[in-house]
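Heads up, the thing below is written out as structure tokens.
The values are calculated or read from the model by the stated rules, or taken from the named source; none is laboratory data. Given the structure is predicted, the values throughout are model-derived calculations rather than measurements. Glycine gets a Cβ as well: all are built from the backbone with ideal geometry, and neighbour counts include every protein chain shown.
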């Protein structure tokens, strides 16, 4: 015995009674029941499942598996008693608004610009369609949104019909159907004819409104994000709060936010450039101070030091400055952070020692990783030895200079 699908008879049915045909547990140990009739819509056709309760027990998932509609429950119920089911109506209405809105938006893109929709995703907060084009102008998006909302304002009926494969020739379908039996059409007269198994409101006016949020390129398609109905109001509310906070933070009215933000970004960019130049001057000064007090080692100049919570990028830059000014220089630096040890080793152009070999010979001591070239190498690992000891290992490795 199959389950009677009440959601196709009346998509506004929020409460119903039913008997349990059978119950069980799936491979994950989740309890479910199959009913003789149900108003719970199972996941399918791009639309997520309904939620609600059966005898006041939470229904958290509904799936159609092997021809039966399974209602997954948070706990077991007495399968011998009649069930009272209640649909989470806010969720159902939201899904109907988004799904019908997608039909309208997709039809508008195809009717106005010949752009087909290749996929649809009904997300928890935002919906998206993938359009069969690699570019979309703002002008076209605005025009499509305008057409879609006109269809809503006109409050056209949204009809559903069960037809045979032979009867399909009487309808101007937007795309080919994947089924040849149990064919259900969702129709907005003189605008959209589409095969669909989802739930929709009875008229376009109940969609409320459609708002295109943004779009992005996805390989050869354009992914366009949008919201309908209640979600439009939610988006408006959230964006209004953000704008209000920005007007306070930037001390600028809404109409001046863009110019004010651009000006602040330019100022920030100039300040970052100044900071970068000053850091370079400091590192150059620091490099010269090291060069002035070098240690001699077999004809080379040894410069060693340890740092605490210093940027590894700055340490590398410092090492490069020094070795660029001392052809015979060898630089050995160790940096200690809260969680690890880091090392940077560099040499001048007249030194034959391989820094890559030196670093890799020491890294196993700290379970480290790293490497580089013969002229400069770096790495890091666990704090298994004191920073001073690691520095001495670099100065006096097993393989002598």
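Each residue in the range 42-69 was checked for being in a strand (DSSP E or B), touching a residue at least 60 places away in the same chain (Cβ under 8 Å) and buried (at least 18 other Cβ atoms within 10 Å of the Cβ), and 2 of them qualify.
Criterion applied to 169, 178 was being in the same structural domain as residue 130 (by TED's automatic domain parsing), in a helix (DSSP H, G or I), over 28 Å from the mean Cα position of the chain (by Cα) and without any contact (Cβ under 8 Å) to a residue 60 or more places away in the chain, and the one residue passing it is 169.
For the range 120-152, a residue qualifies if it is assigned to a helix (DSSP H, G or I) and in contact with a helix residue (DSSP H, G or I) (Cβ under 7 Å, 6 or more places away or on another chain), and the qualifying residues are 140, 143, 144, 147, 148, 151, 152. Residue 105 meets all of the listed conditions (1) within 18 Å of residue 212 (Cβ to Cβ); (2) crowded, with 16+ Cβ neighbours inside 10 Å; (3) at pLDDT below 95 but one, namely (3). Of the residues making up the range 125-154, those that are within 28 Å of residue 93 (Cα to Cα) and either loosely packed, with under 12 Cβ neighbours inside 10 Å or within 23 Å of the chain's Cα centre (by Cα) (or both) are 125, 126, 127, 128, 129, 130, 131, 141, 142, 153.
Taking the range 192-207 as the range and being at pLDDT 95 or above, more than 17 Å from residue 39 (Cα to Cα) and crowded, with 18+ Cβ neighbours inside 10 Å as the test, the residues that pass are 204, 207.
Restricting the search to strands (runs of 3 or more DSSP E) fully inside the range 186-232 and requiring at least 2 residues that are without any contact (Cβ under 8 Å) to a residue 24 or more places away in the chain and either out of contact with any strand residue (DSSP E or B) (no Cβ under 7 Å at 6 or more places or on another chain) or over 20 Å from residue 45 (Cα atoms) (or both) gives 210-218. I'm told residue 30 meets every condition in (1) farther than 25 Å from residue 194 by Cβ; (2) more than 30 Å from the chain's Cα centre (by Cα); (3) surrounded by fewer than 16 Cβ atoms within 10 Å (Cβ to Cβ) except one. Can you identify the failing condition by its number? Unmet for residue 30, out of (1) farther than 25 Å from residue 194 by Cβ; (2) more than 30 Å from the chain's Cα centre (by Cα); (3) surrounded by fewer than 16 Cβ atoms within 10 Å (Cβ to Cβ): (2). Scan the range 6-27 for residues that are crowded, with 16+ Cβ neighbours inside 10 Å, part of a strand (DSSP E or B) and touching a residue at least 60 places away in the same chain (Cβ under 8 Å) and the total you get is 3. Could you say whether any residue in the range 33-41 is buried (at least 22 other Cβ atoms within 10 Å of the Cβ) and assigned by TED's automatic domain parsing to the domain that holds residue 159? No, because not a single residue in the range 33-41 is buried (at least 22 other Cβ atoms within 10 Å of the Cβ) and assigned by TED's automatic domain parsing to the domain that holds residue 159.
Residues that are part of a helix (DSSP H, G or I) and surrounded by fewer than 18 Cβ atoms within 10 Å (Cβ to Cβ) were ranked within the range 392-401; the one that is modelled with the highest pLDDT is 392. Residue check: is residue 75 surrounded by fewer than 20 Cβ atoms within 10 Å (Cβ to Cβ) and either in contact (Cβ under 8 Å) with a residue 60 or more places away in the chain or not in a strand (DSSP E or B) (or both)? Considered against the rule, which asks whether it is surrounded by fewer than 20 Cβ atoms within 10 Å (Cβ to Cβ) and either in contact (Cβ under 8 Å) with a residue 60 or more places away in the chain or not in a strand (DSSP E or B) (or both), residue 75 comes out as yes. Count of the range 310-352 residues, restricted to those that are under 13 Å from residue 377 (Cα atoms) and part of a strand (DSSP E or B), is 11. Taken together, the residues in the range 304-337 that are in contact with a helix residue (DSSP H, G or I) (Cβ under 7 Å, 6 or more places away or on another chain) and either farther than 19 Å from residue 350 by Cα or at pLDDT 90 or above (or both) amount to 14. The single condition among (1) farther than 24 Å from residue 395 by Cβ; (2) part of a strand (DSSP E or B) that residue 302 does not satisfy is (1).
When 370, 381 are checked against the criterion of being under 15 Å from residue 336 (Cα atoms) and either surrounded by 15 or more Cβ atoms within 10 Å (Cβ to Cβ) or not assigned by TED's automatic domain parsing to the domain that holds residue 301 (or both), 381 stands alone in meeting it. Return the residues of the range 9-32 that are farther than 22 Å from residue 78 by Cβ and either touching a strand residue (DSSP E or B) at 6+ places or on another chain (Cβ under 7 Å) or in the same structural domain as residue 197 (by TED's automatic domain parsing) (or both); say none if nothing qualifies. The answer is 14, and nothing else.
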